[in-house]
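Below is one structure, written out as structure tokens; comments come after it.
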Amino acid sequence: MMRFTLLWLSKRQSIFNFVRSNGLAKKFASRFVAGETIADAVAAAKELQGRGITVSLDMLGESVTQPAEAEQARDAYLAMLQAMQAAGVEVNVSVKPTQMGLDIDPALCERNIRQILTRAKGLNAFVRLDMEGSPYTQKTLDFFEQRLYTDFRANVGVVIQSALRRSTNDIAALIRLGARVRLCKGAYLEKPDVAFPDKKDVDAHYVRLMETLMTSGNYPGIATHDEQIIAHAKAFAAANNIPRDRFEFQMLYGVRRDLQEALAREGYRMRVYIPFGTQWYPYLMRRLAERPANIIFILGNVIKEGKRRT
């Protein structure tokens, strides 16, 4: 019931308009979304870089329905790459294929992403294709391998979700390819035959995939806020003589900032995923709706961080 309520709220333009003008709501959102403009996001990136933390910027928006919308998103990403380079910030962005027109026309999506990757290649930058729900998993992996990877292998990577049962095979294929992988647990609500329904199984699968990537992968991104898994990664790296520059930890903007800073101080590579844009309200509501337990997760981590800072 809560999930459907949150999804309903995410689609109400009148509520969106109210929330965008509400100071308290914007203050809460600002913890997890770095403003509405490229300038806002780059400023947040620069501030984190000053603390030894790198970033990946993500302009919110997905599942566009008109070619002009996809082209506008492409142009925004081109401007984003230039703005990051001009600010002296490591140029790294994340983009959703549906935002670039995958649902409209794969050829349109390819043209848009190739323009972004061409610019990224010239800047020695990196572009991550985000992974959406399971109906897009094979489409995204095929698109990545067949249309992009040959020409841009050093500048493009993908995301794999440990919640999906298929991910063991996907990781093996991507390791053979030599592709860079960001490993996350996955927040989408999926059918039990597609994804593990129990958190313990998702976590166990994550650890197995993480160990495989750390041993045989190409600079994996270990994307998690789970302290036990992070501790396991650190111990596994030490036991197997895996240098700290062979992988990086990744977390969401505003979540466990204390842990982000601690890892950076310890000499681990730490990257923060920074979402921004005018669509921050539906973004937050959809993330909560995908798994309503995320509400408890976010509040719990805010409380944890607050206790550590007192």
Legend entry - Gyration tensor (Cα) of segment 70-113, equivalent ellipsoid semi-axes in angstrom: 23, 9, 7
Inset, instruction - Please compute the net charge surrounding Glu47, taking Lys and Arg as +1 and Asp and Glu as -1 over other residues with Cβ under 15 Å from its Cβ. - result: +2
Legend entry - Scattering profile of segment 152-236 at q = 0.12, 0.16, 0.17 Å⁻¹ [log10 I(q)/I(0), Debye over alpha-carbon scatterers]: -0.33, -0.58, -0.65
Inset, instruction - Within segment 133-184, report the trypsin sites (Lys or Arg not before Pro) that DSSP leaves as loop and that have at most 16 other Cβ atoms within 10 Å. - result: Arg153, Arg165, Arg166
Inset, instruction - Set the Förster distance to 30 Å, then compute FRET efficiency between His232 and Arg114 from the Cβ-Cβ distance, nearest 0.05. - result: 0.20
Inset, instruction - Give me the percent of Cα-Cα pairs in segment 31-303 that sit more than 31 Å apart, rounded to a whole number. - result: 20 percent
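Every read-out reported here was derived from the displayed coordinates using simple, explicitly stated rules and does not represent laboratory data. Owing to the predicted nature of the structure, the values given are computational and were not obtained by experimental measurement. Here the Cβ is made from the backbone with ideal geometry for all residues, glycine too, and neighbour counts use every protein chain on show.
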